[in-house]
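The values are calculated or read from the model by the stated rules, or taken from the named source; none is laboratory data. Keep in mind the model is a prediction, meaning the values are calculated, not measured. Here Cβ is always computed from backbone atoms with ideal geometry, including for glycine, and neighbour counts include all displayed protein chains. These area figures cover heavy atoms from the full protein model, side chains too; ligands, DNA and RNA do not enter into them. Shrake-Rupley method; radii C 1.70, N 1.55, O 1.52, S 1.80 Å.
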Amino acid sequence: MKPEVEIYDTTLRDGSQGEGINFSVTDKLRIAERLDHFGVHYIEGGWPGSNPKDIEFFAQAKKKKFRKARLAAFGSTRRKEIAVEKDDQVRLLLEAETPVVTIYGKTWLLHVKEVLRTSADENLAMIADTVRLLKDHGKFVIYDAEHCFDGFKDDPEYALATWQSAEKAGADIVVLCDTNGGCLPSEVANATRLAISRLNCPVGIHTHDDIGLGLANALAAIEAGSTHVQGTMNGYGERTGNCNLTSVIPTLAFKLGKTSVPAGSLAQLKDISQFVDEIANIGHNSRQPWVGSAAFSHKGGTHVNAVQKLARSYEHVDPLLVGNRRTVLISDLAGRSNIVMKAHELGFKISNDTPELKTILTRIKQLEHLGYEFEAAEGSLGLVIHKILQHQEPPFIVDAYHVSMRRDGANSICEATVKVRVGDQLNHTVAEGDGPVNALDSALRAALSKFYPLVKKVKLTDYKVRILDSGTGTAAKTRVLIESSDGKEQWGTVGVSFNIIEASLQALVDSMEYRLLRISA
Ligand SMILES: [Zn+2]
């Protein structure tokens with residue numbers, strides 16, 4: 001069945017223009033494969049005329065079989081005053097051998113005159129010639145009307161003439177682009193309505209988020225009748241980014257009731273968002289709508305209490321619909337409900353009537369007062385609860401440690417020794433590292449792995465230091481937050497001390513202990 005709105009993903013082209021994003025050919029192929037499985041309708045792979053990496057991508061992509069998505073090569077209309085057959089950039093588009101070719105052309109006379117430095121008529125011919133040549137080669141042609149709304153505001157008749165030029169030459173879709181990202185939803189809706197009434201082909205929308213309206217503008221066009229939307233995963237893109245598909249897709253499904261990707265893919269939305277972040281090596285944005293880890297997190301005591309009774313009371317949809325989950329943040333505001341919900345999340349059986357609940361709350365408040373913070377340290381919080389609920393011996397105890405540093409010529413060398421006790425057995429280990437914390441981590445891991453081989457899989461993925469009460473200078477306390485992963489699960493732990501090494505060790509010990517208790521739970 002044809003979807004009501006087609007999704008055109010340009011993460012690999014427009015998205016790769018974003019700050020800090022640099023995809024290799026292999027990265028691009030992996031993302032393309034994932035997007036295909038997810039069910040987007042078009043994957044724009046790159047601009048073969050702009051760099052050799054994109055030519056290589058299309059050469060490799062030819063050998064892949066995509067299930068449903070159609071691969072698009074991106075480029076521009078021919079240069080001015082040259083026959084389209086002689087334009088190298090257009091030739092490269094054909095050589096990419098994709099079923100779809102997307103070209104952009106000028107709508108705005110300001111650009112035609114000041115940037116291209118050519119005539120209004122030559123611009124119309126450049127659009128028509130290029131579309132026609134691509135159609136003659138059997139391509140499905142998408143025409144991206146650049147600076148479309150700015151051009152329309154300046155000279156609506158000329159803007160329309162450019163879109164019609166593309167359509168008459170055989171363009172399969174005309175896409176209206178807010179290239180500078182500064183338009184308002186009402187402007188987008190008006191121009192889209194006019195384009196739809198004057199063109200016979202479908203009309204698409206491509207927006208940027210420069211004033212935070214990328215999604216709103218795309219929706220305005222869709223509500224005005226547009227049936228094709230272009231954007232990127234996680235909103236990657238130049239400047240503040242493109243219209244974010246991880247917001248467009250669920251909004252279409254759950255707010256506008258329109259079909260786009262297969263219904264079964266919606267619950268994979270958070271996964272694909274994280275996958276793309278991982279490949280791009282970009283930190284996950286916790287505040288990202290729909291898929292961010294904070295998108296369904298609750299902190300205030302009354303909210304948590306209400307969500308526990310009736311999720312709908314403080315959640316606009318069920319987080320599971322997009323593969324996300326509800327989380328409860330622990331803070332000074334923490335009431336009994338927060339702790340109970342957090343404990344459930346961590347796998348403890350506990351209710352509002354559990355007698356130990358009061359002790360747990362008091363202990364958390366004491367620790368918070370000392371400078372501990374549990375919002376990003378659910379591992380340490382889990383241990384606090386565990387210790388009060390099940391009066392068990394910890395899996396290991398660090399009896400002693402020693403860290404030393406010296407400099408030898410240009411090299412600085414750090415060494416750590418750790419003495420670990422498990423039951424009545426002792427293990428004493430020495431390790432070197434790039435820094436004191438790294439050395440300590442290696443020594444602790446080496447000592448524990450004799451007793452618990454699974455700690456070899458645990459890796460430190462992030463390390464953050466925060467100075468508390470900085471007014472007191474060097475005597476200030478240090479809070480260390482670390483993130484660990486075993487390849488499947490991630491957890492955070494925290495340590496606080498006047499000594500940064502001691503605080504780091506506490507967080508490291510909690511990390512290992514949490515992992516070991518998870519296994520026995
Ligand atoms: Zn763009």
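Tell me yes or no: at least one residue of the range 301-319 is modelled with pLDDT of 85 or more and either surrounded by 19 or more Cβ atoms within 10 Å (Cβ to Cβ) or assigned to a helix (DSSP H, G or I) (or both).
Going residue by residue through the range 301-319, those that are modelled with pLDDT of 85 or more are 315-319.
Filter again for either surrounded by 19 or more Cβ atoms within 10 Å (Cβ to Cβ) or assigned to a helix (DSSP H, G or I) (or both), leaving 319.
Checked the range 301-319: at least one residue is modelled with pLDDT of 85 or more and either surrounded by 19 or more Cβ atoms within 10 Å (Cβ to Cβ) or assigned to a helix (DSSP H, G or I) (or both).
Does the range 464-475 contain at least one residue that is open to solvent by less than 30 Å² (accessible area, probe 1.4 Å) and of a type in the set (G, A, S)?
Initially, the range 464-475 is screened for residues open to solvent by less than 30 Å² (accessible area, probe 1.4 Å), giving 468.
Next, from what is left, pick out any that are of a type in the set (G, A, S): none.
No, because not a single residue in the range 464-475 is open to solvent by less than 30 Å² (accessible area, probe 1.4 Å) and of a type in the set (G, A, S).
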Inset, instruction - Scan the range 254-271 for residues that are of a type in the set (D, E) and either at pLDDT 95 or above or crowded, with 18+ Cβ neighbours inside 10 Å (or both) and jot them down. - result: none
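Residues are listed down the side, and each one gets a yes or a no for (1) modelled with pLDDT under 95; (2) of a type in the set (S, T, Y); (3) in contact with an Asp or Glu (Cβ under 7 Å, 6 or more places away or on another chain):
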{"site": "I7", "(1), (2), (3)": "no, no, no"}
{"site": "T11", "(1), (2), (3)": "no, yes, no"}
{"site": "V25", "(1), (2), (3)": "yes, no, yes"}
{"site": "V40", "(1), (2), (3)": "no, no, yes"}
{"site": "E44", "(1), (2), (3)": "no, no, yes"}
{"site": "W47", "(1), (2), (3)": "no, no, yes"}
{"site": "P52", "(1), (2), (3)": "yes, no, no"}
{"site": "A61", "(1), (2), (3)": "no, no, no"}
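Scan I55, I31, I127, I103 and give me the residue that is in contact (Cβ under 8 Å) with a residue 24 or more places away in the chain and under 23 Å from the mean Cα position of the chain (by Cα).
Values: I55 fails: under 23 Å from the mean Cα position of the chain (by Cα); I127 fails: under 23 Å from the mean Cα position of the chain (by Cα); I103 fails: under 23 Å from the mean Cα position of the chain (by Cα).
Only one candidate qualifies: I31.
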Inset, instruction - Check whether at least one residue in the range 272-280 is more than 16 Å from the ligand (Cβ to nearest atom), under 23 Å from A216 (Cα atoms), open to solvent by 10 Å² or more (accessible area, probe 1.4 Å) and among the hydroxyl-bearing types (S, T, Y), and report yes or no. - result: no
Inset, instruction - Specify which of the listed residues (E97, E122) is over 25 Å from P52 (Cα atoms) and either open to solvent by 30 Å² or more (accessible area, probe 1.4 Å) or not in a helix (DSSP H, G or I) (or both). - result: E122
Inset, instruction - Working only within the range 61-81, note down all residues that are out of contact with any helix residue (DSSP H, G or I) (no Cβ under 6 Å at 6 or more places or on another chain) and open to solvent by 60 Å² or more (accessible area, probe 1.4 Å). - result: K62, K63, K64, K65, K68, R70, R79, E81
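Of the residues that sit in the range 22-47 and are assigned to a loop (DSSP other than H, G, I, E, B) and in contact with a Ser or Thr (Cβ under 9 Å, 6 or more places away or on another chain), which one is farthest from E6 (Cα to Cα)? Steps first, please.
Here is the first cut: in the range 22-47, the ones assigned to a loop (DSSP other than H, G, I, E, B) are 22-24, 39-41, 47.
Those still in the list that are in contact with a Ser or Thr (Cβ under 9 Å, 6 or more places away or on another chain) too: 22-23, 39-41, 47.
Numbers: N22: 27, F23: 25, G39: 10, V40: 8, H41: 6, W47: 21 Å.
Only one residue tops the list, namely N22.
Look at A159 and say whether it is on the phi < 0 side of the Ramachandran plot, in a helix (DSSP H, G or I) and in contact with a Cys (Cβ under 8 Å, 6 or more places away or on another chain). Outline the logic, then answer.
Details: on the phi < 0 side of the Ramachandran plot: yes; in a helix (DSSP H, G or I): yes; in contact with a Cys (Cβ under 8 Å, 6 or more places away or on another chain): yes.
Yes; evaluated as a whole, the condition is true for this residue.
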Inset, instruction - Please find, within the range 403-433, the residue that is nearest to Y452 (Cα to Cα) out of those that are in contact with a Gly (Cβ under 9 Å, 6 or more places away or on another chain) and not aliphatic (A, V, I, L, M). - result: E415
Inset, instruction - Identify all residues within the range 19-36 that are farther than 14 Å from A69 by Cα and either acidic (D, E) or open to solvent by less than 10 Å² (accessible area, probe 1.4 Å) (or both); write none if there are none. - result: E19, F23, D27, K28
Inset, instruction - Check whether at least one residue in the range 55-68 is farther than 19 Å from E146 by Cβ and within 16 Å of the ligand (Cβ to nearest atom), and report yes or no. - result: no
Legend entry - Top-ranked residue in the range 194-226 [being polar (S, T, N, Q) and open to solvent by less than 10 Å² (accessible area, probe 1.4 Å); ranked as nearest to the ligand (Cβ to nearest atom)]: T207
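For the condition on the phi > 0 side of the Ramachandran plot and in contact (Cβ under 8 Å) with a residue 12 or more places away in the chain, what is the one hit in G492, G487, G435? Working first, answer last.
Working: G492 fails: on the phi > 0 side of the Ramachandran plot; G435 fails: on the phi > 0 side of the Ramachandran plot.
Residue meeting the stated conditions: G487.
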Inset, instruction - Find the residue count for the range 236-253, including only residues that are open to solvent by 10 Å² or more (accessible area, probe 1.4 Å) and within 16 Å of the ligand (Cβ to nearest atom). - result: 5
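In this structure, is V229 aliphatic (A, V, I, L, M), in contact (Cβ under 8 Å) with a residue 40 or more places away in the chain and within 16 Å of the ligand (Cβ to nearest atom)? I'd like the intermediate steps shown before the answer.
Numbers: aliphatic (A, V, I, L, M): yes; in contact (Cβ under 8 Å) with a residue 40 or more places away in the chain: yes; within 16 Å of the ligand (Cβ to nearest atom): yes.
When the stated conditions are applied, V229 passes them.
For the range 412-458, what are the residues that are among the hydrophobic types (A, V, I, L, M, F, W, C), within 22 Å of L517 (Cβ to Cβ) and out of contact with any Asp or Glu (no Cβ under 8 Å at 6 or more places or on another chain)?
We begin by selecting, within the range 412-458, every residue among the hydrophobic types (A, V, I, L, M, F, W, C); these are 413-414, 416, 418, 420, 422, 426, 430-431, 437, 439-440, 443-444, 446-448, 451, 454-455, 458.
Now narrow it down to the ones that are within 22 Å of L517 (Cβ to Cβ): 418, 420, 422, 426, 440, 443-444, 446-448, 451, 454-455, 458.
Scanning the range 412-458 gives V418, V422, L440, A443, L444, A446, A447, L448, F451, V455.
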Inset, instruction - Enumerate the pairs (first residue in the range 346-368 and closer than 30 Å to T478 by Cβ; second residue anywhere and surrounded by 14 or more Cβ atoms within 10 Å (Cβ to Cβ) and of a type in the set (K, R)) with beta-carbon separation below 7 Å, excluding pairs fewer than 6 apart on the same chain, so at least 6 apart or on different chains. - result: L361/R336
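Let me confirm something: among F74, F66, which residue is within 18 Å of T130 (Cα to Cα) and either touching a residue at least 60 places away in the same chain (Cβ under 8 Å) or assigned to a loop (DSSP other than H, G, I, E, B) (or both)? Don't jump to the end; show me each part of the working.
Values: F66 fails: within 18 Å of T130 (Cα to Cα).
Only one candidate qualifies: F74.
Do we find that S286 is among the small types (G, A, S), over 15 Å from the mean Cα position of the chain (by Cα) and either assigned to a helix (DSSP H, G or I) or modelled with pLDDT under 95 (or both) in this structure?
Details: among the small types (G, A, S): yes; over 15 Å from the mean Cα position of the chain (by Cα): no; either assigned to a helix (DSSP H, G or I) or modelled with pLDDT under 95 (or both): yes.
No, not satisfied.
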Inset, instruction - Any residue in the range 173-199 that's closer than 15 Å to H228 by Cβ: show its pairings with residues that are acidic (D, E) and within 16 Å of the ligand (Cβ to nearest atom) at Cβ separation under 7 Å, as long as the two are six or more apart or on different chains. - result: V175/D144; C177/D144; C177/E146; V188/D178
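Taking the range 179-193 as the search range and keeping residues that are open to solvent by less than 10 Å² (accessible area, probe 1.4 Å) and more than 16 Å from the ligand (Cβ to nearest atom), which one is nearest to the chain's Cα centre (by Cα)? So that I can check it myself, show each step before the final result.
First, pick out the residues of the range 179-193 that are open to solvent by less than 10 Å² (accessible area, probe 1.4 Å): 181, 183, 188, 191-192.
Remaining after also requiring more than 16 Å from the ligand (Cβ to nearest atom): 191-192.
Details: A191: 31, T192: 29 Å.
My answer is T192.
So which strands (runs of 3 or more DSSP E) are wholly in the range 379-453 and hold at least 2 residues that are modelled with pLDDT of 90 or more and open to solvent by 80 Å² or more (accessible area, probe 1.4 Å)? It would help to see each step written out before you state the result.
Numbers: elements: 397-408, 411-422, 425-433.
Those strands (runs of 3 or more DSSP E) span 397-408, 425-433.
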